[in-house]
Every structure is written in C-alpha cells, then in structure tokens.
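**Q** Sharing a structure here in structure tokens format.
The values are calculated or read from the model by the stated rules, or taken from the named source; none is laboratory data. Treat the numbers as computed from the prediction; the structure is a model and nothing was measured. Virtual Cβ from ideal backbone geometry, glycine too; neighbours counted across all protein chains shown. Please note that ligands, DNA and RNA were not included when accessible areas were found on the heavy atoms of the full protein model with its side chains. Shrake-Rupley method; radii C 1.70, N 1.55, O 1.52, S 1.80 Å.
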Amino acid sequence: MTNKTTRTIRIFDTTLRDGEQTPGVSLTADDKMEIARQLSKLGVDVIEAGFPSSSEGEKKVVRDIAKAELTSEICALSRATKGDIDAALACDVGLIHVFIPTSPVQMKYAVNLTPEQVLVAAVDSIEYVKKHGVKCEFSPMDATRSELPFLKQVCKAAQDAGMDSLNVPDTVGIMIPKTITKLIEELKTVVTVPISIHCHDDFGMAVANSLAAVEAGAVQVHVAVNGLGERAGNASLEEVVMALHMIYKYKTGVNTRLLYSTSRMVASLTGITVQANKAIVGENAFAHESGIHTRGVTEKPLTFEPIKPELVGRTRKLVAGKLAGTRGIKAELEEIDIHPSEEQLKEIVQRVKDLGNKGKMVTDADLIALTSAVMGEVIGEEKIVDLCDMAVVTGIKVIPTASVRLVLDGKEYIAAETGVGPVDAALKAIQKLTSNLEKIRLSEYRLEAITGGSNAVAEVVIKVEDEKGNIVSARAAREDIVMASVEAMINGINKCLIKNRKQGNKK
Ligand code: KIV
Ligand code: ZN
C-alpha cells in the first residue's frame, strides 16, 4: 500500500513554453531568463524553456537558459521530426519533450498524417533523441480525444523506443476528474515509465483534472504560473502546488513562500494581470470584508483562512466596505498604528458603509483619508492655516505655476510660485505664505499609495520641519495628486504651528 503522505510529485513548469503561447504574450530573451531564474529559485523540477525550432532567437534563449546552471532541469519542446529534435539538441538541454497528435481530428487536420505515419514518427523521434544520450518525455497530443486502442499502441511503442516519461495532454481541456482517472489507469496497463499530466483549462477543470491524474498515479504535473497557456491556459502552478501540499499532504520541491512574488513577476513581464479573485495569488485571496469574517480571522485566523497567507508569501488584508464591521476596521487601522476613539470609530464605520452603499470600493487609502478626516488631525476652529482656493498651470513649454489663497490666523493672503511641476509650485507657494507666521519647510515627500486606474486615490505622506528642528508628519489622500499634496502640506503646517503655540502657552 502506498503511504500517501510520503508521495513527492514533480512539478514541470511550462510558463516559458505553453505559457508564452498565451494570446498576446511575447517575452523578450531577458524576460525569459529572469523568469527561468525565479522558477529555479521557486524549486520547480523542470523548466520547459521554449520551442527551439520556432526561431533562431528562441533557440538562443533556450540554450542560454540551459547554460545558466539553474537547479531545475531544462527541457526543450520538439515536434516529432529530425529537424526539430536537432534544434533542441543544439540547445544542450537535458530533456527533450517530443509531441505528436494521436487524435483522429488532429492527425488529419493539424498534421495531415495517417495513424501509421504518426506511430513511425513517434518511435523514430524517441530513438533519435535517445541515440544522443538525452532524456525524452513523449506526449501523444490530444491524448484525451484519441481512440484508446491506438493511444495505447503508440504509448507502448514509445516506451519500447526508450521514452523516459509519458506525458498525457488533455490538449483541449475536455476531461473531468472521473474520465482522466480512467484514462491514467488504462495507460498504466501498457506503460511502466513515470506518467505526467498536462491539462488545459477550457472548462475550468485543469487543476481538478491534474489532481485526479495524480490520484490515479501520475507522478508529475505540467503547470504554468498564473495558469497561463494556450486559450484558457494550463493548470495553475500555485493552485496545483498548494492543493498537493495542503489537501493531499504530498510533497513538491516548491518553496511556497515564493509563489506570490513569482506570480507578480510573471504578471508584470507578460502583461497578463491576475484576476482579483484568483486562488492563492489574486489580490482578494487573503482579503476579508464582511464583519463576521473580519471578526473571525482577527480572533482566530483558521475561521476563514484555509491557508496561512505567509505560507505563500502574502499578508492578510482586511478590506473596508459596506459589509465591514467595526472590529475589522479597528484591526485594520491598528495595523497602521491609527487608534481612533470609540466615537470616532463609529463615525468611520458609518462613512465606510455609506461609501460602500454608493457602490464604491473603499481602498486602504480611502480608509486612511476618511479616518484622518474623522479623527481630524487638525479640524475646525483649531486650524491656523486654511486653504481658500488654488489654481495650477502646467504643460509643455509652460513653467508650472501655482497661485494659492490661504487664510492665516483669520486673514487672507495670496501668493504665486513656479516649480519643477505643479506639486512643487503649489507647495512652494504655501510655504512662502506661511513663512509669515513661522518658517516651516517640507523635509520629506512621498506619494505612497496609488490604487488602480487613472482616477485612483493617491496618498501623499509628508514631513515638515520648523526652525527648532521639530518634525511633524501628515498625510492626505485624494484622486487629485496636487490637491492631496496641498492638503497634506497644510495639515502638516497646522500641526506644527498648533504644537508650537501649545508649547509656547505652557511656558
Ligand atoms: O496541450 C498540448 O497538447 C501541448 C503539447 C505540446 C504537449 O502543449
Ligand atoms: Zn498545452
């Protein structure tokens, strides 16, 4: 009897081959090398680096990756032709993945070969690879739509020709766990070499089918980061690995803590963003919004977190929204060291719910902005400096200029300044005016958080310093960067002035 807990499953990553076949994706040689290094660090067993016969450039990249002395084994894809295999051999890879269609529809319309010709080409190709002392994984493409007796005949002949492993492609993703289980069991009656599985996600079944194949005896799974690949993609690396580790208690060589950073790197280099609700690596995968959930996870993470976020390189996110509860918002604010009073918290929760009811997603920056409004770092009568109005001009062949009208200690003043940009000009104009009261200069400026889209909320964090060396920080968040900067600056100046006056009064 197999001891399930000790099984180790090999991870064959095809991000750089099938993943690169994702419509719209085209990676440069540098991108491919960067991803290969990351995959090796991640700990995948095999990196399918590319399809050398497709171009001279691709051949060079595969060769460079093979030469890079990565820990993972490097594989090249090849059709069952001498020319393709020669191109793969020229890359000095340790493993060549040879494929040829075996389904009636693909034999006839994709390669125009008879079943007899397919059988001969498969055998000849495997023998040719083996003659060169290189390992060979063989794929009967579209295995899942092939006639079983013919598929078995090809697989048996491939084994006799020396294939080292058999990969079973569900090329158009039409299997369900029950049928893939049956197919693996059937193939096990004719081959003894290790069996690998390659599932596409046309019906959203790639991960489930891959896992079913493993249960049926496959020892290797073809995956791609973020589920990239032809059409709807391949089985997603992160989902397969985490299910193997956490549900099946099987082992892989993958360092799961690098899953998120790997996903981010691939998303950024391929330009294919990950959907927010994607398992493991989606932005919402560890975010909790409703009151009952946020209360549960802050009390005991296991309540709504089947995976510890840090295990996959992530952190928990408590999201404020119309379903948010007081406890969740309090915990979220405490995490960033904001401690509102009971009264203020009640008001913050109410405003979050109001925004949520208007259909607006309340981002962290929005939450901070409305919290500081409620907490009123500087509010109402205490304000020494207040903005009446402001105008900025910027553009090409125009010197960025800002004019600002402020109330200082109850009196109105106007100033204009130029700067390297509209923010610089506006902040200079404010400092010019407030220097009438006290010299307060901007000592630090950070544009800290921008949440998606050109109408995103931008958060500005500043530090201002007075002549005595007192430093005060302030922040503001707005969709308009200039306004956020001005608001933060005025807030900071007010805090500084109020502090100084209070200190003065005490003396
Ligand atoms: O999906 C598929 O059949 C493939 C083959 C090249 C194995 O990617
Ligand atoms: Zn594929």
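**Q** What's the extension gain from residue 467 to residue 148 if we count 0.36 nm per residue and subtract their Cα-Cα distance? Don't jump to the answer; show the numbers that get you there.
**A** Numbers: separation 319, 0.36 × 319 = 114.84 nm, distance 8.47 nm.
Difference between extended and current length: 106.4 nm.
**Q** Which order do peptides 415-422, 175-182 fall in by mean Cβ count within 10 Å, highest first? List each step's numbers first, then the result.
**A** Values: 415-422: 15.9, 175-182: 17.8.
Packing order, densest peptide first, comes out as 175-182, 415-422.
**Q** With a 1.4 Å probe and every protein chain kept in, tell me what percent of the accessible surface of the chain is carbon plus sulfur. Can you show the working numbers first?
**A** Details: 12590 of 23710 Å².
Result for the chain: 53 percent of the exposed heavy-atom area is carbon or sulfur.
**Q** If you take every DSSP beta bridge whose two residues both sit in the chain, what share of them, in percent to the nearest 5, is antiparallel?
**A** Working: 35 of 71 bridges.
If I count the DSSP bridges inside the chain, around 50 percent turn out antiparallel.
**Q** Can you give me the pair-distance distribution of the stretch 385-502, C-alpha pairs, 10 Å bins, whole percents?
**A** 15, 45, 33, 7, 0
**Q** What ranking do 287-294, 216-223, 305-312 get when scored by the average of other Cβ atoms within 10 Å per residue, highest first?
**A** Highest mean packing first, the order is 216-223, 287-294, 305-312.
**Q** Another question about this same structure. Which trypsin sites (Lys or Arg not before Pro) from the stretch 246-304 combine a DSSP loop assignment with at most 11 other Cβ atoms within 10 Å? Display every interim value, and only then the final one.
**A** Numbers: sites: 249, 251, 257, 264, 278, 295; in loops: 249, 278.
Within the stretch 246-304, the qualifying trypsin sites (Lys or Arg not before Pro) (loop, at most 11 other Cβ atoms within 10 Å) are 249.
**Q** Where does the longest stretch of the chain lie that holds no chymotrypsin sites (Phe, Trp or Tyr not before Pro) found in a DSSP loop with 15 or fewer other Cβ atoms within 10 Å? Write down the numbers at each step before the final one.
**A** Numbers: sites that count: 203, 248.
It runs 249-507.
**Q** Mind pulling the angle between the C-alpha long axis of helix 237-246 and the longest principal axis of the chain? Nearest 10 degrees, somewhere in 0 to 90.
**A** So the helix axis and the longest Cα principal axis differ by about 90 degrees.
**Q** Over the stretch 242-339, average the accessible area per residue using a 1.4 Å probe and give it in Å², no decimals. Don't skip to the answer; put the middle values down first.
**A** On the way: 5160 Å² over 98 residues.
Solvent-accessible surface per residue comes out at 53 Å².
**Q** While we're looking at this one, here's another question. Mind checking the dipole of the stretch 296-341: about its Cα centre, +1 per Lys or Arg Cβ, -1 per Asp or Glu Cβ, Debye to the nearest 20?
**A** Dipole size: approximately 200 debye.
**Q** Distance in nm between label sites at residue 55 and residue 411, each 7 Å beyond Cα in the beta-carbon direction?
**A** With each label placed 7 Å out from Cα toward Cβ, I get 7.0 nm.
**Q** Now a separate question. Would you calculate, for the chain, the mean residue ellipticity at 222 nm contributed by helices, counting each DSSP H stretch of 4 or more residues as -39,500 (n - 2.57) and dividing by all residues, to the nearest 500?
**A** Details: 16 runs with 202 residues, N = 507.
Rounded to the nearest 500, the figure is -12500 deg cm²/dmol.
**Q** If you don't mind, there's one more thing I want to ask. State the Kirkwood hydrodynamic radius of the stretch 287-375 in Å, one decimal place, computed from all pairs of distinct Cα atoms.
**A** Working: mean 1/r = 0.0762 Å⁻¹.
Computed over Cα pairs of the stretch 287-375, the Kirkwood hydrodynamic radius comes out at 13.1 Å.
**Q** A further question follows. Cross-link partners among lysines for residue 463, C-alpha distance below 19 Å, same-chain residues fewer than 8 apart left out?
**A** Leaving aside lysines fewer than 8 places away in the same chain, those within reach of residue 463 are 383, 428, 432, 439, 495, 499.
**Q** Okay, next question. Compute the whole-percent fraction of alpha carbon pairs in the chain spaced more than 29 Å apart.
**A** Details: 78691 of 128271 pairs.
Result: 61 percent of Cα pairs exceed 29 Å.
**Q** While we're here: Hey, got a sec? Which GluC sites (Glu not before Pro) in the stretch 67-137 land in a DSSP loop and have at most 10 other Cβ atoms within 10 Å? Kindly include the intermediate steps, with their values, before the conclusion.
**A** Working: sites: 69, 73, 116, 127, 137; in loops: 69.
Within the stretch 67-137, the qualifying GluC sites (Glu not before Pro) (loop, at most 10 other Cβ atoms within 10 Å) are 69.
**Q** Find how much the distance from residue 337 to residue 284 grows on full extension, using 0.36 nm per residue of separation minus their present alpha carbon separation; answer in nm with one decimal. Working shown, then result.
**A** Numbers: separation 53, 0.36 × 53 = 19.08 nm, distance 2.28 nm.
Difference between extended and current length: 16.8 nm.
**Q** Averaged per residue, what accessible surface does the stretch 386-449 expose to a 1.4 Å probe, in Å²? Each step should come with its number before you reach the end.
**A** Working: 3690 Å² over 64 residues.
Here the residues of the stretch 386-449 average 58 Å² of exposed surface.
**Q** While we're here: Taking the Cα centre of the stretch 1-120 as the origin and placing charges on Cβ (Lys, Arg +1; Asp, Glu -1), which of 81, 43, 93 is farthest toward the positive end of the dipole?
**A** Going by the Cα projections, it comes out as 43.
**Q** Additional query: May I ask you to derive the relative contact order of the chain, considering only C-alpha pairs under 8 Å and at least 6 residues apart, and to give it as an integer percent? Please report the intermediate quantities before stating the final value.
**A** Values: 1019 pairs, mean separation 45.8, N = 507.
Across the chain, relative contact order equals 9 percent.
**Q** Still on this model: Using a Förster distance of 22 angstrom, determine the FRET efficiency expected from the C-beta separation of residue 443 and residue 317, and round it to 0.05.
**A** Values: r = 31 Å, r/R0 = 1.41.
Working from the Cβ atoms, E equals 0.10.
**Q** On to the next question. Tell me which of 184, 62, 277 sits at the most positive position along the dipole axis of the chain, charges placed on C-beta atoms (Lys, Arg +1; Asp, Glu -1).
**A** Selected residue: 277.
**Q** Can you give the Rg to Rh ratio of the stretch 83-209, both from alpha-carbon atoms, with Rh computed by the Kirkwood formula?
**A** Numbers: Rg = 14.1 Å, Rh = 14.7 Å.
Value, to two decimals: 0.96.
**Q** Okay, next question. If you take the charge dipole of the stretch 287-375 about its Cα centre, with +1 on Lys and Arg Cβ and -1 on Asp and Glu Cβ, which of 331, 375, 362 is farthest toward its positive end?
**A** In the stretch 287-375, that residue is 362.
**Q** Can you pull a Stokes-Einstein diffusion coefficient for the stretch 10-270 at 20 °C (1.002 mPa s), Rh from Kirkwood over Cα pairs, as a whole number of µm²/s? Don't skip to the answer; put the middle values down first.
**A** Details: Rh = 18.0 Å.
Result for D is 119 µm²/s.
**Q** Normalised by the empirical 2.2 N^0.38 Å for globular proteins, what value does the Cα Rg of the stretch 1-59 take? Please report the intermediate quantities before stating the final value.
**A** Working: Rg = 14.7 Å, N = 59, 2.2 N^0.38 = 10.4 Å.
So the stretch 1-59 has a normalised radius of gyration of 1.42.
**Q** If you don't mind, there's one more thing I want to ask. Under 20 Å Cα to Cα from residue 178, which lysines show up? Leave out anything in the same chain fewer than 8 places away.
**A** 4, 152, 188
**Q** Only four residue types carry charge here, +1 at the Cβ of Lys and Arg and -1 at the Cβ of Asp and Glu. Report the dipole size of the stretch 159-286 about the Cα centre in Debye, rounded to the nearest 20.
**A** Values: 9 positive and 12 negative charges, 80 e Å.
Dipole about the Cα centre, nearest 20: 380 debye.
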